[in-house]
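Remarks on the structure that follows.
The values are calculated or read from the model by the stated rules, or taken from the named source; none is laboratory data. Remember, predicted model here, so these are calculated numbers, not experimental data. Here Cβ is always computed from backbone atoms with ideal geometry, including for glycine, and neighbour counts include all displayed protein chains. Please note that ligands, DNA and RNA were not included when accessible areas were found on the heavy atoms of the full protein model with its side chains. Shrake-Rupley method; radii C 1.70, N 1.55, O 1.52, S 1.80 Å.
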Amino acid sequence: MTEDDDGVLPLPSLMEAWRPPTGGKRSLRGGTLRIRSGGGKGRGGSAAAPMLSPAEARAKLERIVRKAPEVMVKISGKQRGARHLAEHFGYISRHGKLEVRSSEGEIITDEKRLKAIAADWDMLDQAMNAHGKDRPTSMSMVLSMPGGTTDAATIHDAVHAFARVEFEGQFSYMVALHTDTAHAHVHLTVATQGADGARFNPRKADLHHWRESFAHELRQRGIAAEATPRRARGHVQKRVRSPAHHLEARTAGQGRDLDLNRLIEERAQAFARSQNPERRVEDVLALGRQKQIRGAYAEAAAALAATGKDEDRALAEDIAGFVADMPAAVSRRLERAREIMMADRAKGSAGSRSRDTDKDVAEGQTPIPIERKPRDRDR
């Protein structure tokens, strides 16, 4: 199929639906992503919608609606000083049982060598720290794919390629593969002080860029990987961040428990039983965002279905199914409040608030009207 054939796609709408998160000025220099990913503002500006050709946009659309595995790139911690960093190197190397590869290509299993590298990174940081600020010596990341979707060797190779593209010549780094957990993952530790004076200080936009770069490297190795924002897949509920889980674990049994489920339940009960329930601005905005994203996919499906081509109609049907499977555009609080209201209504004690909340949940979820024909893969 030519790019002219793909020109039916509503690119502006899709680009806005796939727009990466903003997060301030990018802090890295020198790394270049080998696909078009900028919106013209350069690496120092805010994140913009990716500029893709019609063929690239179609390929991305196919991966998204056919649910290609989403890559994970997560900041897992910061290390301060040579001792802390050496302990971290001991952890990722399983105390010399696993290979750790440096940005210079050195393969290391000797813990003494790892401690020497930790001391070198700390020495450089101290030498460049003219004001004696308390700041991290390194930052650690974990990169992975959903369990069972990709073999460990391919993930490991893709991470090495990703690190070369993003950090080589700018920041030193260490890479270690772990296969002794539920699914394979790679630890990537980056020195926060660059030899040229630059500091490694990633923002939200950097993390999304790294997901795109890592997914690109996996696709170069034959893996159908994607890196879309959660909202592009219809998710409006925010993930519970690791620090919240860690805080909950630390405060357990100390008389000041942070029970996230209990907090959600209390707020949901208050909403469900209030005569004037609070409708938060963020709830309204989340509903509006999902309506906009659903509209972009609906527009793409209609345009593809109108071409009369079998492959376009098949993709349009997949888009319709993808949109139909999107979760409701409500927070955990409203989701639980609706359950409470439904239970009350079943007991005969619900009022108009239940109907109002049902309307909130259903808003913007009209299915895409495409008649689905059975295909070989359905039989």
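Details
- FRET efficiency for Q275 and K74, using Cβ-Cβ distance with R0 set to 41 Å, rounded to 0.05: 0.45
- Here the gap between L98 and Q126, fully extended at 0.36 nm per residue and compared with their Cα-Cα distance, gives a gain of 7.2 nm.
- Of the solvent-accessible surface of the stretch 51-179, computed with a 1.4 Å probe over protein heavy atoms with every protein chain present, carbon and sulfur atoms account for 50 percent.
- Taking a Cβ cut-off of under 11 Å around P136, the surrounding Lys, Arg, Asp and Glu residues balance to a net charge of +2, with basic ones at +1 and acidic ones at -1.
- Highest-first packing order for the peptide set 202-212, 338-348, 287-297 is 202-212, 287-297, 338-348, based on the mean count of other beta carbon atoms within 10 Å.
- Packing-based ranking, highest mean first, of 322-328, 118-124 given that Cβ atoms within 10 Å are counted: 118-124, 322-328
- As a calculated quantity, the FRET efficiency between E106 and A343 at R0 = 51 Å, using C-beta atoms, amounts to about 0.25.
- With all protein chains kept in place, the per residue accessible area of the stretch 160-222 amounts to 34 square angstrom at a probe of 1.4 angstrom.
- Given +1 at the Cβ of Lys and Arg, -1 at the Cβ of Asp and Glu and no other charges, the dipole of the stretch 178-232 around its Cα centre is 280 debye to the nearest 20.
- Around the amide H of Q193, modelled in the peptide plane, lie the amide H atoms of F200, all under 5 Å away and 5 or more residues distant in sequence or on another chain.
- Mean separation of Cα contacts under 8 Å (6+ apart) over length of the stretch 77-191, as relative contact order %: 31
- Using the Karplus relation 6.51 cos²θ - 1.76 cosθ + 1.60 with θ = phi - 60°, the per-residue 3J(HN,Hα) values for the stretch 169-176 come to x, 10, 9, 6, 8, 10, 10, 9 Hz, with x marking Gly and Pro.
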